[in-house]
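No lab work stands behind these numbers, since they all come straight from the coordinates. Computed from a predicted model, the values in this text were never measured in an experiment. Methodologically, a virtual Cβ is constructed for each residue, glycine included, from the backbone with ideal geometry; neighbour enumeration extends over all protein chains shown.
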Amino acid sequence: MNIRTAVVYDLIRPSSRLAEVALLAAFNALLVLCSYIAINVPFSPVPITGQTFGILLIAMTLGRVRGTAVVAAYLVEGAAGLPVFAGGTAGLVKFFGPTGGYLVGFLAAAYVVGSLADRGWDRSYLRSVAAMVIGTAVIFAVGLAWLSRLVPAEMVLTMGLYPFIPGAAIKVALASVILPSVWKLTRRKK
């Protein structure tokens, strides 16, 4: 049984492979731009960035397969030395530092959120918020698990979670409004 429904990507599906690659490259560029929105937190080795907004939006727009592929390409680009990570940083070493778990969490979150979008969770505001909260939780779970190997246990939540909750709430709120709104607009045009 195929439980997949259309995602927003299906509304703009390119007519050729070349056009599809260009569109996916544009989503990759969006993620890179989001990563340049970075604020260092004085007491944390993890910056506040726009990356999670980009990950959530891309996964919900493209679905599980394409969304995960865009995020995987982004991670490979950064590991290869392209300045695509938070604030223009790069290198394989980032996967072994304090932000490594969050980077890996991006891929897991893209898969989970994209899977929920494939099941139609991108069409209602409530389900969209739930999908984005789940995706954010995945990112934090993987990120905090890795960070706990690098900082004292009593500092993990202070350095890797608490300062990021307000921003995460704003990113979820913004991202979760976009896709249901697109669906509502396309229904009105028919």
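The C-alpha atoms of the chain define a longest principal axis, and helix 100-118 lies at about 20 degrees to it.
Using a simple charge model, +1 on the beta-carbon of Lys and Arg, -1 on the beta-carbon of Asp and Glu, nothing else, what dipole does the chain show about its Cα centre, in debye to the nearest 20? Could the numbers behind the result be given before it?
Values: 16 positive and 6 negative charges, 175 e Å.
The dipole of the chain has a size of about 840 debye.
At q = 0.15 Å⁻¹ the log10 of I(q)/I(0) for the chain amounts to -0.85, computed by Debye summation with a single uniform scatterer per C-alpha, solvent ignored.
Rounded to 0.05, the FRET efficiency of the ALA22 and LEU185 pair, given R0 = 22 Å and the Cβ-Cβ distance, is 0.40.
Couplings 3J(HN,Hα) for region 47-60, derived from phi with the Karplus relation 6.51 cos²θ - 1.76 cosθ + 1.60 (θ = phi - 60°), are x, 7, 9, x, 4, 5, 4, x, 4, 4, 5, 5, 4, 5 Hz, where x marks Gly and Pro. Computed over region 7-76, the Cα gyration tensor eigenvalues convert (square root of 5λ each) into semi-axes of 27, 11, 9 Å, ordered from largest to smallest. Placing a label point 7 Å from the Cα of THR158 along the Cα-to-Cβ direction, the residues of region 21-57 whose backbone N falls under 12 Å of that point are 43-44.
Packing, as the average of other Cβ atoms within 10 Å across residues, places the peptides 79-85, 28-34 in the order 28-34, 79-85, highest first.
Order of TRP121, TRP183 from fewest to most other C-beta atoms within 10 Å?
Working: TRP121 25, TRP183 18.
Ranking TRP121, TRP183 by Cβ neighbours within 10 Å, fewest first, gives TRP183, TRP121.
List the trypsin sites (Lys or Arg not before Pro) within region 32-128 that DSSP assigns to loop and that have no more than 14 neighbouring Cβ atoms inside 10 Å. Write down the numbers at each step before the final one.
Details: sites: ARG64, ARG66, LYS94, ARG119, ARG123, ARG127; in loops: ARG119, ARG123.
Those that pass, being in a loop and sparsely packed, number zero.
Could the peptides 9-21, 149-161 be put in order, highest first, of the mean number of other beta-carbon atoms found within 10 Å of their residues? Walk me through the numbers before you get to the answer.
Numbers: 9-21: 11.5, 149-161: 14.5.
Packing order, densest peptide first, comes out as 149-161, 9-21.
Fully extended, how many nm does the chain gain between ALA38 and ALA90 (0.36 nm per residue separation, minus their Cα-Cα distance)? Don't skip to the end; give the middle numbers.
Numbers: separation 52, 0.36 × 52 = 18.72 nm, distance 1.38 nm.
Full-extension gain reported as 17.3 nm.
The long axis of helix 17-35 is offset from the longest Cα principal axis of the chain by roughly 40 degrees. Take the alpha carbon atoms of region 14-93, find their center, do the same for region 127-166, and report the distance between the two centers in whole angstrom. Using only Cα atoms, the two centres lie 18 Å from each other.
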